[in-house]
Amino acid sequence: MGSHGEGFAEGSTTPAIRGGTAAREDTRRRGAVVAALMLAMALAALDSTVVSTAVPQIVGDLGGFSVFSWLFSGYLLAVTVTLPVYGKLSDTFGRKPVLVAGAAMFLLGSLLCAGAWNMAALIAFRIVQGLGGGALQGTVQTLAADLYPLAERPKIQSKLSTVWAVSAVAGPGLGGVLAAYADWRWIFLINLPIGAVALWLIVRHLHEPERERPQHPDGPARARVDWPGALAVFACGGVLLTALVQGGVAWPWLSTPSLTLFGVGLALAGAVVVVERRAAQPIIPGWVWRRRTIAAVNLALGALGLVMVAPSVFLPTYAQAVLGLAPVAAGFVLSVWTLSWPVSAAFSQHVYRRIGFRDTALLGIGLATLILFSFPLLPYPGSWWQPTLLMLLLGGALGLFQLPLIIGVQSTVGWSERGTTTASVLFCRQTGQTMGATLFGAVANGVLAAHLGGAGDLDSVTRALDAGRAPEATRRAIADAVHTVYLGAACAATLAFLVLLLVAPRRFPVRQE
């Protein structure tokens, strides 16, 4: 198939007209598969938000308060480092076996979590869940592009965005209800019937056509898995992400554990490069970074990961400390961006059809940059509607930024490269979030220490707020710390803007379908 510019009339062809019965059957099957994808995405999207509200009950039952953060970190690490592996596997063996195996792994992890007998076991089983969650996130996004031609992809993407939005809003409430009126173990058990339905729909209705294998001079290529590369990627990502997650929390940045992990991680990164260069079918092929479009989208969405940390991690503390809101109201201030994001994402197709993928994304991230820079201009203490309005606008801007890039980059590759491409994009965004949590956490703690004379960090201040005894000086320090974090997020958004402007081609080389 040849490449061409963003010609949407050409890039949105529909299948040949067949008999009415066959067409209706195809529509029914595709509808069932889309329902399965939404259920699978709901499993991944609900996970962290549901668990977060049950932490007090979990710690009260199992103990292990000092390490409970690994309930989230362990899951995130497993999801992030497996994304490239699952992407390559789906390109090699097809989406269906990878998605079925990932969903089964996630459900096994959920069942084991429900039976955990101490915190160490629960953390280990959460990692098992994460091993399946990586397959769910990457393969669902890839199948969304497989199922629909370019002109119709915003439909499925807006549905998946809506799943994330509903999960962000409903997750904490669902987790709280289950923990308060049932038992925290039901938070994991509830995954089983949802996942079982998704699995049944996938097995019954997802039928992938036979694909031609890549041709080589000596005949069709035999499907081979780069297991040394997969192991090297997993080890390298796990070590470096652990160093980022635990640095400044479990041990000081310049301590022996931190320096050792970073040293080992860098050595493993060198090993990944060596192994992947020698592999016949590498897990992370070099073309992911040699092609301008994919490289630019990877870097831009890595910067988006940084941007997302500022509101999702720091805004609830700001709303409670500075605005004096209750936890539920503080959650509402944050959640409004999950409402405007999918609406804007669905609308973005009308924009990129006119001006192209890159320029639409530039418009979105440009608006987001202005919104982020305006946050530190809010008055102290201010009113609840001011940050709420900014978050509503920010969600709209980021929806205009992210979705055109994902749809655009998926449309520049064929089926045999789409899983790897999608996984690389999601991997960069997840890595950006991890780096952002580390970087902005250090920035916030530094600002707090400067204002309070080294008297505390963000965690200790948050605990003081929960106890209702934070003085005025502490509240002002929190406001300054969060304002500084938003300035950092604005700088990350500026970086994404420059990457798209200088690296991405003005017209994405969309492939004819």
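Below is a table of values for the structure above.
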read-out	value
Residues (part of a helix (DSSP H, G or I) and of a type in the set (A, V, I, L, M)) located in the range 257-282	LEU259, LEU261, VAL264, LEU266, ALA267, LEU268, ALA269, ALA271, VAL272, VAL273, VAL274, VAL275
Number of positions in the range 463-507 that are of a type in the set (Lys, Arg) and at pLDDT 85 or above	3
Residue that is nearest to GLN349 (Cα to Cα) [pool: residues in the range 1-43 that are hydrophobic (A, V, I, L, M, F, W, C) and at pLDDT below 70]	PHE8
Some residue of the range 405-420 being more than 23 Å from GLY366 (Cα to Cα), within 18 Å of the chain's Cα centre (by Cα) and β-branched (Val, Ile, Thr)	yes
Matching residues, the range 44-90, being at pLDDT below 75 and either assigned by TED's automatic domain parsing to the domain that holds THR438 or surrounded by 23 or more Cβ atoms within 10 Å (Cβ to Cβ) (or both)	none
Residue match in the range 121-134 (condition: crowded, with 24+ Cβ neighbours inside 10 Å, touching a Ser or Thr at 6+ places or on another chain (Cβ under 7 Å) and in a helix (DSSP H, G or I))	yes
From the options LEU174, LEU160, residue that is among the hydrophobic types (A, V, I, L, M, F, W, C) and either closer than 30 Å to VAL233 by Cβ or buried (at least 20 other Cβ atoms within 10 Å of the Cβ) (or both)	LEU160
Sole residue being over 21 Å from LEU150 (Cα atoms) and either buried (at least 24 other Cβ atoms within 10 Å of the Cβ) or of a type in the set (Val, Ile, Thr) (or both), chosen from LEU372, LEU403, LEU367	LEU372
Number of the condition not met by ALA101 [criteria: (1) over 30 Å from THR293 (Cα atoms); (2) in contact with a His (Cβ under 9 Å, 6 or more places away or on another chain); (3) at pLDDT 85 or above]	(2)
Criterion: modelled with pLDDT under 80 and not β-branched (Val, Ile, Thr) - qualifying residue of ALA455, ALA423	ALA455
Filter result for GLY302 (small (Gly, Ala, Ser), closer than 26 Å to PHE375 by Cα and surrounded by fewer than 22 Cβ atoms within 10 Å (Cβ to Cβ))	no
Flag if GLY331 is over 22 Å from GLY432 (Cα atoms), modelled with pLDDT under 85 and out of contact with any Lys or Arg (no Cβ under 8 Å at 6 or more places or on another chain)	yes
Residues satisfying the stated conditions in the range 182-198, i.e. assigned to a helix (DSSP H, G or I) and either among the basic types (Lys, Arg) or surrounded by fewer than 19 Cβ atoms within 10 Å (Cβ to Cβ) (or both)	TRP186, LEU189, LEU192, PRO193, ILE194, ALA196, VAL197
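The values are calculated or read from the model by the stated rules, or taken from the named source; none is laboratory data. Owing to the predicted nature of the structure, the values given are computational and were not obtained by experimental measurement. Cβ: placed from backbone, ideal geometry, glycine included. Neighbour counts: every protein chain shown.
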